[in-house]
Structures are given as structure tokens and as C-alpha cells.
Amino acid sequence: MTKNIKASIRHLYKIFGADPEAALERVKAGMGKPELLETSNHVLGLQDINVDIREGEITVIMGLSGSGKSTLIRHLNRLIEPTAGEVLVNGENILDWKEPQLRQLRRETMSMVFQKFALLPHRTVLENTGMALATRGIKKADFEAEANKWLERVGLGGNGGQYPHQLSGGMQQRVGIARALTSNSEIMLMDEAFSALDPLIRTDMQSLLLELQDELHKTIVFITHDLDEALKLADHLVILNDGSVIQQDEPQAILLNPADPYIEDFVADINRARVLRVRSIMSEGAPEGEVAGEVDLNDNLESVIAKAEGALDRRYRVLRKGAPVGSVAMPAIMRALVPRRSSGETAKR
Amino acid sequence: MMSMADLVAKADGGSTHGPTLWNWPFPSLDVLNKACPAIPPSRDFTHGIESGFMAIRGGLRTVVDPLTQPLSWMLNDMLWLMTQTPWWIVIPVLMAITWVVTRSWRLVAFVLISIALLAFINHYTAAMETLAIIFVCAFICVLLGVPIGIAMSRSDRLQRIVIPILDMLQTLPPFVYLIPLIFLFSVTEPKLYGIAIILYAIVPVVRLTDLGIRLVDRDVIEAADAFGMTKRQKLFGVQIPLALPNIMAGVNQTIMMSLAMVVIASLVSAPGLGVLVLRGIRSLELGVGLVAGFGIVILAILLDRVTKASLARIDTSNSRG
Ligand SMILES: Nc1ncnc2c1ncn2[C@@H]1O[C@H](COP(=O)(O)OP(=O)(O)O)[C@@H](O)[C@H]1O
Ligand SMILES: [Mg+2]
């Protein structure tokens, strides 16, 4: 599973204020965000960020409001200029790029979906969907078919002639997604794309995204402040707090081994039985002794517990696509349900 | 050298009792001049300004005159066109314009009735003259004002410079800037009142263009940037269309202010209904003045309704389609 690295962020710093260079020196010398704000009225937006974004994966950046998520994602298409650091896309440092090259990147390589949809209110749904193509100079008659195809794909086949304000929030964001897909970019940036939607619609949209991703294998950077959403979507989860990355890993690994108390608190309320999957806690090799049945490696623990009807002496064979890859025992499942405290024993799987 | 007290005492010369503290005069130019003729009286001061102005007048004219000459031509041509074309062509054309911008039969009928009423009381020519001047001046206001507003919206520095000028143009009574204009051009030139009207009426369209573009939703602008629009694509594809309701509100105000000013500008030979109002005032012909005033009210309502209706059309096509 070693995938190409599509984009990466290296030693990125962003400081908002009148003299970010001088402030950067202080930050590098060890000054923290509150202190910097107090002494020199500069906001430490991002601090020494290093993230690799792998091709075909959903990288989720999670953090509370004000942690710097929007600032971070806007460095990937240079809507925000960094104070220091590098942003590599397909191996090239886009900070060296001039205006035309950068424009091409935004038109063809990256597309973006916004929290508040940000559709053009004076253009129809179809015209909004074709915005990236229209920006490249393609006539409406020529992009219409492509735009309609993606509108169809997000379930808005008949709405092309309407105006954005005639649609509900969920439908507007579907247009936002169709607009990003129509640009046919390899990378999609989604800044809290579902945060403004009602919970039920939100779940729908998450499923839609996963469904599309199954088929299209885009490189997606998804931002959220919601842990459930992060766990549902992420292949790679980056946790941001006060402008620094405090842990990044596969989501299950973060749940099982939180790096610090902040993350422990964060994951404390999660329904672990539903989120943790068999693959994260199974042991490899053939099961010792008798097995009570078979489970898939992507089953969540809840379904295994249901299968065992609560009995603790069961052991299951784990299958991947029908072939046995290991085993899992009920006591291991129960142990995994108890959140690990960093002060306590190390709950090795 | 004499002290101030001596000067004042000497100025009061003949009087038997000297100035008391109570009626001590302010040491103004005139007072000082009485005491010491070497100090010029204020009349010389105003003369000085006048001759200074007359001295640069020639130079100023050689620059400003050719620049503004097209305005005179436009005004003359438009006045000629609207008064010489037969009424049975002009009225339908005005109705057609109303239809195009408002799509409202009621307003078309209103235009017909208003103009017919004015024509019936023999104010047709004056009303057409007034309209002709308003059309030309408002057109030039938009032509200059919208680009100025766009430039202001893009540069905070330019905005800081232009806003005080707009404030001044808006607060100065129009008579004040009529004065230098009268000296600069001869009273018979149409551009004299043309410039006065434009200076006065351009303010709202500039202001509201600037405001309108600055008020465009920042998220939408960010989306335009994120999809790689050039500045030009952003301006014409996003900013101007979304600012259009505000820009049109500015155009409406500009037209209304042109109407107000064209009445005042009859003082400096602008033709139209204002001339009749002025006649009413000058020769105390109450009836003439009142009827002309009534004509102005009708024109005001007409222009306001038509521009507001087209504004409402833009508003809905912007948000509702
Ligand atoms: N243009 C700006 N000027 C000053 N501070 C800013 C600016 N943009 C963001 N910030 C600050 O940077 C921090 C991160 O903001 P943001 O990236 O919007 O957070 P998030 O998207 O995670 O809610 C916040 O403290 C915010 O106040
Ligand atoms: Mg944000």
C-alpha cells in the first residue's frame, strides 16, 4: 500500500501580522502562540507543518475552530502565501511558480469545495458546475455535456437550469462537488464542506463522497472539526491544534494509540465499537483452537460483538476478500473498547 | 512701527471717545487699512484672487477647452435631436426605451400620459430639453463614474483620496462651483452647465460602484480565485454582475441629481423647464413658475419610477433568475 505522494507540505509556517519575518524568528526561538499575540500582536497561524498527501487517498485534517485548518488548506493552492516553508505538488515547489503557472494549477490540477458553497448567485446551476471549464475559455455549448454528466452523478440531473438560491443547502453543496469534479482535477480540496449541513444530509453527503471516491480515486484533502466525520472519511488523519500538527496517522491507529492527552480527550467520547475495525486489533496467523465463525477484516467491532451475542470466550477467523488472514478473540475486542490513557499501561494489540 | 493699539486708535481718529473694550473691532484687513494704508483692504484681496484666476484662465482654457468640447457637441446634438424630431417619433421612442428597461406596460402607459400631459399644457419642448440634458449628463456620469468606482474598490489609497473629494462635491452648494466655471467658459457654452451637472451628479454612481464591488461576498471571490480566474474574468464575470444592483442604485441617484441640477443650471443658460421656473421667480409670474415646477415633479417621478423598475429587474435576475 505504498502510494505516490501527490502533494506535501514541508516546514510550513504562517504568521499573520505586520512583520511576519521578525515574528518567525521569535517562533523559531520557541515563542508560543499566546505569547506571540500578547507581545507583538502577531497571530501564529501555522507552525512547522509537515504533511504528505498520498495519491488516491482522503487525507482529513481535523482540529477545533481556529486551529488553522482553513489556513493550511489554502496553502495548497496558494490562496495564502506562507511565511516560510515549501508546498510541493507533484514534486514541484509551487512557491516558485509565477502567476500563469499558478493559475493553471488552480484551473486544472486542484479544485475546491467550500463550507458556504460559494456558488455564483447570478449563474445557473449548470453554469456554476462548468465554472472551471468556462474559466479555461471553453464555451458553454462545449462544457454542457460534461457539466450535466457530473450533475447527474451527484443527483441533480434535472436542476441545471435553476439558480443556486432555489436549491436547499445540501443540493447547493452537491453543485459545489459537481463543480469540483467537472474541473477534472486530480486533487480536491474540501474545507469543512459538510459542516453547514443538517446531520442527516451530512451523512448522505459523506456517503456520496465515499461512493464517488470508490470510483474516481481522487486525491482529497478534507477538513472537518467533527471527529465522527473524520473517522468515517479518513485514510490518513492529521490532527491540528493551535497551528501545530499533534498527531497524524491512520485513524484507527490514532484511536488505539493517542499521542497526547489532548487527543485522548478528543477521542474519549467516540463510539469505539462502531469506529474500530477488526483489522486494527486482529492477530495474524492461523487461529489457535476452535473458531466460532468468520468475520471480514473491515467489519467493525460492534458487529463482531453482536455476532458473539456478548459471549467472551469466542474467537473468529478474519477474512480478507474471503481468504483467511488472521484471527481475533473477544477479550482483545473488549480491551480495545476501553480508551487508552497515556499514563496507564500500553494497550498493545 | 506702530503698535496695534495705536493703529486702531488712529483708525478711529475723528471720534471723540476712543474704542472701549466692548466694541473693540476685530483687526481685519479693512480696519487695519484705515489705520495704515500700506495694508491692503480686503477688496484688493478678492481682486488679487480674481486677477490671479484670470491670469491662469488662458492656460487652463487651452487644456480644458478641447477636453470638454465634445460635451458641448453632445449636448447641442442631443438638444437638437430631442426638440427637432417630431413628437410622434420621440414619444414612441421614449416608450420603447421604457419597455426595454422595465418590461412594464404600466410604466410605458405612465410615460405616455405624463409626456402627453406636459405637451398638452405646452411644456413639451422645455421638458424634452431638460430630458436631453439629463440623458447626456447621466450617460457621461456613468461612463466616467463606474471606472472610477472600480479603481477605488481595488485600491484603498485611491479610495482615501477620492472620498473626501466626493464629500466636497456633494456638500458644496452647486452655486459655489458654478462661479469658477462661469469665468472659465463663456455663459453661452453648453458645456458650462454640462460640467456643473456632471460634477454634482457623478458622486452617487462613483460611491455606489466602489461600495457595491467591495460588498461582493468574499467567499464567492475566493471561489473565483480558487478556480483560477484572471483579474479580468473576476471583474466582469463576478464583481460587476454582483455589484450591479448597487451600481444601478447609484445610476438612479445620479439621474435624480442631474434633474435637480439642471433646474439650478438654468441660471447659467441651461435650457428647459428650469428657465420657466426662473422666469416665474424673476418676473413674479406665479402661474408660469408653478406649472413649470409641476412639470419638473412629473419628470422626477417618471425618471425615478423607470430607473427603479429596471433596478428591481436586475435585482431579481441576479438572485432569482
Ligand atoms: N487574515 C488573517 N489575519 C489574522 N489572523 C488570521 C487570519 N486568518 C486566520 N487568522 C487566524 O489564524 C488562526 C487559524 O484560522 P483558520 O485557519 O481560519 O482556522 P480554522 O479554519 O481551523 O477554524 C485563527 O486564530 C485566526 O484568527
Ligand atoms: Mg475554517
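The values are calculated or read from the model by the stated rules, or taken from the named source; none is laboratory data. Given the structure is predicted, the values throughout are model-derived calculations rather than measurements. Cβ atoms come from the backbone with ideal geometry, glycine included; neighbour counts cover every protein chain shown. Protein only, heavy atoms only, side chains kept; ligands, DNA and RNA dropped before computing areas. Shrake-Rupley method; radii C 1.70, N 1.55, O 1.52, S 1.80 Å.
When the Karplus curve 6.51 cos²θ - 1.76 cosθ + 1.60 is applied with θ = phi - 60°, which whole-Hz ³J(HN,Hα) does each residue of the range B:235-243 get, with x for Gly and Pro?
3J(HN,Hα) across the range B:235-243, in whole Hz: 5, 7, x, 10, 5, 5, x, 6, 8.
Could you compute how much accessible area chains A and B hide from each other, both sides summed, with a 1.4 Å probe? Nearest 100 Å² is fine.
What A and B bury together is about 1900 Å².
Pairing the Cα long axis of helix A:199-216 with the longest principal axis of chain A, what angle in degrees results, from 0 to 90 and rounded to the nearest 10?
Orientation of helix A:199-216: about 90 degrees from the principal axis.
By the gyration tensor of its Cα atoms, with a ≥ b ≥ c the square roots of the eigenvalues, what is the shape of the range B:113-217: rounded for a/c under 1.5, prolate for a/b over b/c, or oblate?
In terms of gyration-tensor shape, oblate.
Sort A:Val325, A:Val175, B:Val297 from largest to smallest accessible area, using a 1.4 Å probe on the heavy atoms of the protein chains.
Greatest to least solvent exposure: B:Val297, A:Val325, A:Val175.
Just the accessible area per residue of the protein assembly as shown, please: how many Å² with a 1.4 Å probe?
Working: 33100 Å² over 670 residues.
Accessible area per residue, the protein assembly as shown: 49 Å².
Give, in nm to one decimal, the length gained when the segment between B:Leu290 and B:Thr316 is fully stretched (0.36 nm per residue of separation minus the Cα-Cα distance). Walk me through the numbers on the way to the answer.
On the way: separation 26, 0.36 × 26 = 9.36 nm, distance 3.88 nm.
Extending this stretch completely gives an extra 5.5 nm.
Given a 1.4 Å probe and heavy atoms of the protein chains only, how would you sort B:Arg232, B:Arg279, A:Arg153, largest accessible area at the top? Write down the numbers at each step before the final one.
Working: B:Arg232 165, B:Arg279 110, A:Arg153 65 Å².
My answer, sorted largest first, is B:Arg232, B:Arg279, A:Arg153.
Measuring from label point to label point, each 7 Å out along Cα→Cβ, what is the B:Arg157 to B:Ser42 span in nm?
Taking the two extended label points, one gets 4.1 nm.
Relative contact order of the range B:200-321: what whole-number percent is it, with Cα pairs under 8 angstrom and at least 6 residues apart? All intermediate terms of the calculation are to be shown ahead of the outcome.
On the way: 111 pairs, mean separation 32.5, N = 122.
Once normalised by length, the contact order is 27 percent.
Using a 1.4 angstrom probe on heavy atoms only, work out the carbon and sulfur share of the accessible area of the range A:222-319 in %.
Looking at the range A:222-319 in its full context, I get 41 percent from C and S.
Using label points projected 7 Å from each Cα along Cα→Cβ, tell me how many nm separate B:Ala55 and A:Lys149, to one decimal.
7.7 nm
For the range A:221-252, list residues with backbone N below 20 Å from a point placed 7 Å from the Cα of A:Asp198 toward its Cβ?
Answer for this model: A:229.
Average partner chain C-beta neighbours within 10 Å, per residue of B:232-245?
Per residue, the number of nearby Cβ atoms from other chains is 2 on average.
List the residues, sorted by chain then number, that are 5 or more residues from A:Gly45 or on another chain and whose placed amide H is less than 5 Å from its amide H.
HN-HN under 5 Å from A:Gly45: A:Lys14, A:Ile15, A:Phe16.
So how strong a dipole does the range B:106-195 carry about its Cα centre when Lys and Arg Cβ are +1 and Asp and Glu Cβ are -1, to the nearest 20 debye?
260 debye
Residue separation times 0.36 nm, minus the C-alpha to C-alpha distance between A:Glu284 and A:Lys140: what's the value?
Stretched out fully, the A:Glu284 to A:Lys140 stretch lengthens by 46.3 nm.
I'd like the Karplus ³J(HN,Hα) series for the range A:317-329: coefficients 6.51, -1.76, 1.60, θ = phi - 60°, whole numbers in Hz, and an x wherever there's a Gly or Pro.
Result, ordered by residue: 7, 9, 10, 10, 6, x, 9, x, 10, x, 9, 9, 10 Hz.
Can you tell me the order of A:57-63, B:137-143 when each peptide is scored by its average per-residue count of other Cβ atoms within 10 angstrom, highest first?
Highest mean packing first, the order is A:57-63, B:137-143.
Need the C-alpha centroid separation for the range B:199-225 versus the range B:67-120, integer Å.
The range B:199-225 and the range B:67-120 have Cα centres separated by 30 Å.
Excluding A:Lys28 itself, calculate the net charge of residues whose Cβ lies under 13 Å from the Cβ of A:Lys28, where each Lys or Arg counts +1 and each Asp or Glu counts -1. Kindly include the intermediate steps, with their values, before the conclusion.
Working: positive: A:Arg26; negative: A:Glu21, A:Glu25, A:Asp48.
Computed value for this residue: -2.
When the solvent-accessible surface of protein heavy atoms is calculated with a 1.4 angstrom probe, in what order do B:Ile121, B:Ile150 fall, highest first? Intermediate values should be presented prior to the final figure.
Values: B:Ile121 60, B:Ile150 25 Å².
The residues order as B:Ile121, B:Ile150, largest area first.
Quick one: putting +1 on the C-beta of Lys and Arg, -1 on the C-beta of Asp and Glu, what dipole do you get for the range B:165-321 around its Cα centre, in Debye to the nearest 20? Walk me through the intermediate numbers first.
Working: 13 positive and 10 negative charges, 44 e Å.
Its charge dipole is roughly 220 debye.
Collect residues whose amide H, placed 1.01 Å from N in the peptide plane, falls under 5 Å from the amide H of A:Asp296; neighbours closer than 5 in sequence don't count.
A:Leu319
Taking chain A as a Gaussian network, where each spring joins two C-alpha atoms under 10 Å apart, which residue of A:Leu46, A:Leu189, A:Leu120 fluctuates the most?
It is A:Leu120.
As a test, work out the antiparallel percent of DSSP beta bridges whose residues both lie in chain A, rounded to the nearest 5.
55 percent
Rank A:Pro164, A:Pro251, A:Pro20 by mean-square fluctuation in a GNM of chain A with C-alpha springs under 10 angstrom and give only the top-ranked residue.
A:Pro20
Pull up all non-local amide H partners of A:Arg54: gap of 5 or more, or a different chain, and H-to-H distance under 5 Å with H placed in the peptide plane.
Close amide H contacts, sequence-distant or interchain: A:Lys6.
What does the C-alpha gyration tensor say about the overall shape of chain A? Classify as rounded when a/c is under 1.5, otherwise prolate if a/b is larger than b/c, or oblate.
oblate
In whole Hz, what ³J(HN,Hα) sequence does the range A:263-280 give by Karplus (6.51, -1.76, 1.60; θ = phi - 60°), x for Gly and Pro?
6, 4, 4, 4, 8, 4, 8, 6, 7, 5, 4, 7, 8, 6, 10, 3, 4, 6
Using protein chains only (no ligands, no nucleic acids) and a 1.4 Å probe, work out which residues of the range B:204-226 have their accessible area cut by at least 20 Å² relative to the chain alone.
Buried on complex formation: B:Asp219, B:Val220, B:Glu222, B:Ala223, B:Asp225, B:Ala226.
With a ≥ b ≥ c the root eigenvalues of the C-alpha gyration tensor of chain B, is it rounded (a/c under 1.5), prolate (a/b larger than b/c) or oblate?
oblate
Taking the simple approach of a point 7 Å from Cα along Cα-to-Cβ for both A:Glu99 and A:Glu211, what is their distance in nm?
Label at A:Glu99, label at A:Glu211, 4.3 nm between them.
Quick one: if the Förster radius is 41 Å, what FRET efficiency do B:Gln69 and B:Leu29 give, using the C-beta to C-beta distance and rounding to 0.05?
0.55
Farthest toward the dipole's positive end in the protein assembly as shown, which of A:Met188, B:Ser186, A:Gly68, given Cβ charges of +1 (Lys, Arg) and -1 (Asp, Glu) about the Cα centre?
The residue sitting most towards the positive pole is B:Ser186.
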